[in-house]
Each structure stands twice: as structure tokens, then as C-alpha cells.
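The values are calculated or read from the model by the stated rules, or taken from the named source; none is laboratory data. These figures come from a predicted structure and were not determined experimentally. Cβ coordinates were reconstructed from backbone atoms using ideal geometry, including for glycine residues, and neighbour counts include every protein chain displayed. Accessible surface areas use protein heavy atoms only, side chains included; no ligands, DNA or RNA. Shrake-Rupley method; radii C 1.70, N 1.55, O 1.52, S 1.80 Å.
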Amino acid sequence: MYRVLLRFLLCLLCCAPGYTLADCIVTQPTRQAIDTPINLNIGIVDIQVHCYLDRPRALSFPLDIVNNPRIFTASDVDIVPLSSARAAYLLPAGDFTFTLTVNAERDRQLVLQLAPIAHFQQHNSVHLLTISGFAGLCIALSLYVGVLGRSLRNEGFYAYSAYILSAGFFFVLQEGVLKVLLPQAAWLHSVGLKLIFAGLTVYTAQRFISKLLEFHLILRRWEHTLIRYTGLLVLFLGAITVLLPFPYNHFSSLAMGSLTVVTMVAILIATVYAMFRKIHCSGLVLISLLLLLAAMIFRVYLPHFSEFLHRYALIIAVTIEAFLLAVAASEKVKRLQKDKIAAYLNAASDTLCPVLNRRGWEDAANQLLKQHRHEGGFLVMMFIDMNNFKQVNDIHGHAVGDDALVILAKILNAQCRPQDIVGRLGGDEFVIMSHCHSRAIGERMIERIKQRLMHLDLRIGALSLPLSASVGAQIIDLPHTDLSTLLHQTDMLMYEQKQQQKAMA
């Protein structure tokens, strides 16, 4: 009779609004449904739960604000821990009461979830795969951008690698992946350790964005210093929170959260200003920051708006941000390489003629000598000198002489292939080097240029200047390393031809 009455009362209780027959209810600290958020105060909290289950269920909750959970039951009830990224327990079928004791490290709400075993296992597997994939992506992107940074010797790219690794490890800790691998290491679930990596994430992100968008160039000195030291202070607060006793660690973590928001807003404003100044890649950085800010709102200020967004919005935002910042880093590399090439071309180009100057030609010629040593074939070298060029300057002036040199340079470029290198050593002396696969190709090239330069009729304004040029040429089949010797030999061949032309005149 007593058992029937107890079950009847339990049925009335469980059939009240918010409860079902096969369910659990929280009886302490307040009476409420199992899936209603429980308000926690910092310290040890006892949560008493009464269950009436027709089949086994999985009870789980996150460890982001609590640690060291323990369950106390009557001796005839066996509640077994489950392997999970969250704290999870297998509740048996039957009518029983247990006490869940947790150490709350935040004044927040704890949500207990009761689910069928199959549903819990599926959700846990998907969660572990998702976070593991995210961690793998973070490692891959950090290595990719780290290699880019090494090739450019740019510490800003190392900051990106450190940022992505810190963010990846923070979420691995936050989402309890290491709990599955190291279930006994309770220190891995402490809020203090998570705050250290949160601080590292904020600081390294600030360093990378500052380097990428060149805040030190576009901001005032005090503005750049403020952004830099707020990020550093966030890192410092995250580190000392582990060492401080209660309640000072609580205050330091609150200060860290507020300062993180201040740092993000400052970086966001600076990024908008960089976009206004048309700094390369600032648009991508702005999009990533806005996504991250929206995700933080769902994570911190709207925890009950959507369970999915609360749990995964920040991870999704960081993933998208990692891709966008990797693209920005890649675009930065392309821009730097383009600027480097442009600077090299400006330094290597002749100031008058559309050919290489002496330094640029010698650098390119040495590369061609190296290619010849590895690939074989034949090198063609020609030394070209205008005949009676001094008379042009004396009679018509240096401006006409300069125009004649420009026309000659264009003729040489037209007679050569794109891979051939044409340079001006100075005055009216030009040089050509070409790599050919056969001697016949080289001979034809030499003959073509000699014939073209034998009789030149240069039209400069109203003037028509009949000129010619002497060409010294040789074909090299053996590997060489001394460019100056080859240049001297070809110069002597040009001088011999000039003397022959004078003798025939």
C-alpha cells in the first residue's frame, strides 16, 4: 500500500508542468526541472536530484565553470562515469536520489542535460571529431603561415602561428577533449589554465594584427602603445589568476574579461582606420573581427538563445577568422614579394634605356652561368659598341645622343627573346647573354644581330642619323664561373671587329 501511494504521489509530481514520468528533477538548491539552468555561487555547491527512469539515461554537463564533480548515492544505486568531453554519468533505470557536488569557479548558471544513451554517444562523438578537426586545422594553418614568416623573416607571421595555436589549445581545454585522453588530470580542466591560453590568444592576435596592418606606422605612438600594452595586460592577468587566492583570482578574471573587450574594441577601431587609410588586407581583418565579436556576444551574453550557438559560435568564428587571416597573411606575402621585385627592378634597371644596368645585368648573367653549369647547352655573349657615337654628341648634342641610345636598346630587345638578358654597361656599351640549346641557334642569333646593327638609320625628330655598331660575340660551351673574364674576352672581340671596320673604311 505504501509503495502504491508513493508511486501515485511521484506520478502527480512528475506529471506537473515541466516534468515527465521518465525523468529527473532537481530538488536542491531549488526545485526545478532537470534542464532548467541552475544558479551557482562560487565555491562548493551541492545539487540534489531525484530520478524516476524507465530506462538508463546519460546525465552530462560542461566543465567550463565547474571542476572536481562528485556524485553521492545510496549504496544500492550504481552511477557510473562515462568517457566524454563533458562530465557525464550513466544513470540506471529506477527510482533513486543522488547528490552532485561541484566546485563552482564562476557565478554563472549550470545546465544539466539528460539524454538517451545512443543520443549522448552520438553527440559526444560528433563533438570530439569537431574539436579535434578544429585543432588539426589550427596546427596546419599555424605551420603554413609560420613557414611564410620564416621565408620573409617577419615576426608578425610567427605571432599568427602563436595566436592560432593558443586559440586551438584554449578550445581543446574549454571543450574537454583532453578529459577523454587524460581523465585523471583534473588540473587540465581548471579555469586558471584556460585563462592563461585565453590571454595568450588575445595578446598574440593583437601582435599579429598590429604587424599585418602596420599600426606602428598609421597610428600615433601613444595609440599603438595603448593597444600593445592592453593586450600584454590581458596576458598578465590570465597568468596571475592561477596564482591568486580566492576572491582575488575572481576579481582578476573579471578584470581580464573587461580588458579583453576593451582590447578588441581598440583593435576594431584601429582596423577601421587602417581600412580608411587603404592599408592592404584591412577589409579581411575587419570582417574576421566582426564575426568574432558577434560570436562572443552569443557565448557570453546570450547563453540560452541557442545551445548550438552558445557552444560552437566562437569556434566557428575563430575557424573563419583563421582562414581569413591566413588569406590576409598570404596576400601580405604577395604584396611584399611584389614590392621586393619592383624595388629590385628599379635598382637593376638602367636610368636611360629600357634594359638592365651594369649591376642588374651582372646579377642576371651570373644566374645564367649557374643555369649553364647545371643544364649544359651553349651560352651566347655579345658586346656591342656604337661606332662614332662621340661625333653624334658633339654635333647634335647629348639629348640626341641619349635618344639614339634608347632606340638602340629597343632594337636589341626586339632582336632578343624574353629569356635573354640585355644590359647597358655605360655610355654606348651594351651586352647580351643568351642560353641556347644548340650552337646553331646561337650562331643564327649572332648573325641576325650583326646584320641588324651593320647599318642603322635612326630617326630622331627631324634628324636621320646613319649609324652602325660593332659586335664582339662568342659561343661558350664549357661551364664558366668568372663573368669578368668572359666579359673581357668578348670586349676584345668587339674591339677587333671595330678595328677591322676602320681598316675597311
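Exposure check, 1.4 Å probe, all protein chains in place: F170 carries approximately 40 Å² of accessible surface. Among the listed pairs K332/K370; K334/K410; K390/K498; K370/K410; K450/K498; K338/K410, those whose Cα-Cα separation exceeds 19 Å are K332/K370; K334/K410; K370/K410; K338/K410. Derived from the Cα gyration tensor, the three semi-axes of the equivalent ellipsoid of region 25-143 are 28, 19, 12 Å, largest first. Against the main long axis of the alpha-carbon atoms of the chain, helix 358-375 sits at an angle near 80°.
Rolling a 1.4 angstrom probe over the protein heavy atoms, how many square angstrom per residue are accessible across the chain?
Numbers: 26460 Å² over 505 residues.
Here the per-residue accessible area is 52 Å².
In this structure, the amide hydrogen of D350, modeled 1.01 Å from its nitrogen in the peptide plane, lies closer than 5 angstrom to those of V355, L356, N357, counting only residues at least 5 positions away or on a different chain.
Residues in region 406-419 carry Karplus couplings, in order, of 4, 5, 4, 4, 5, 5, 5, 4, 5, 7, 9, 7, x, 7 Hz; the curve used is 6.51 cos²θ - 1.76 cosθ + 1.60 with θ = phi - 60°, and Gly or Pro positions show x.
The relative contact order of region 355-468 comes to 35 percent, based on Cα pairs under 8 Å that sit 6 or more residues apart. In whole angstrom, region 183-270 maps to an equivalent ellipsoid with semi-axes of 28, 14, 9, each derived as √(5λ) from the alpha carbon gyration tensor and ordered largest first. Alpha-carbon geometry of region 410-505: the Rg and the Dmax are 14.5, 48 Å, given in that order. Using R0 = 60 Å, the C-beta based FRET efficiency linking A74 and Y248 works out to 0.90.
Take the Cα gyration tensor of the chain, multiply each eigenvalue by 5, square-root it, and list the three semi-axes largest first, rounded to whole angstrom.
Working: eigenvalues 1291, 113, 61 Å².
That gives 80, 24, 17 Å for the three semi-axes.
Send over the Kirkwood Rh of region 100-222, from the inverse of the averaged 1/r over different Cα pairs, rounded to one decimal Å. Mind showing how you got there, number by number?
Numbers: mean 1/r = 0.0590 Å⁻¹.
Taking the inverse mean of 1/r over all distinct Cα pairs, region 100-222 comes out at 17.0 Å.
Which is farthest toward the positive dipole end of the chain among F134, I44, A167, measuring Cα position about the Cα centre, with Cβ charges +1 (Lys, Arg) and -1 (Asp, Glu)? After comparing all options, I get I44.
Compared with the direct C-alpha span, the chain from Q121 to Q48 gains 23.8 nm at full extension, assuming 0.36 nm per residue.
Ranked highest first by the average count of other Cβ atoms within 10 Å around their residues, in what order do 393-401, 201-209, 353-361 fall?
Working: 393-401: 13.8, 201-209: 25.1, 353-361: 18.8.
Taking the mean over residues of other Cβ atoms within 10 Å, the ranking is 201-209, 353-361, 393-401.
Counting only protein heavy atoms and using a 1.4 Å probe, the accessible area of L90 comes to about 60 Å². Near the amide H of Q28, within less than 5 Å, lie the amide hydrogens of Q48, all on another chain or at least 5 residues away, with H placed in the peptide plane. In a reduced charge model with +1 at each Lys and Arg Cβ and -1 at each Asp and Glu Cβ, the chain shows a dipole moment near 340 debye about its Cα centre.
Site pair L181 and Y229 shows an inter-label distance of 3.9 nm when each label is modelled 7 Å from Cα along Cα→Cβ. Karplus-based coupling profile of region 443-458, in residue order and whole Hz: 5, 5, 5, 4, 5, 4, 6, 4, 4, 5, 8, 5, 9, 10, 10, 8, with θ = phi - 60° in 6.51 cos²θ - 1.76 cosθ + 1.60 and x standing for Gly or Pro. Here the scattering of region 74-145 is modelled by Debye summation over its C-alpha atoms, one equal scatterer each and no solvent; at q = 0.25 Å⁻¹ the log10 of I(q)/I(0) is -1.20. Residue ranges 135-143, 317-325 sort as 317-325, 135-143 when ordered by packing (mean number of other C-beta atoms within 10 Å per residue, highest first). Along region 269-283 the Karplus relation, 6.51 cos²θ - 1.76 cosθ + 1.60 evaluated at θ = phi - 60°, assigns HN-Hα couplings of 5, 5, 5, 4, 5, 5, 5, 5, 7, 6, 6, 4, 6, 5, x Hz to successive residues, with x for each Gly and Pro. Projecting the Cα positions of I441, N413, V431 onto the charge dipole of region 401-444 (unit charges on Cβ atoms of Lys, Arg, Asp and Glu, taken about the Cα centre) puts I441 furthest along the positive direction.
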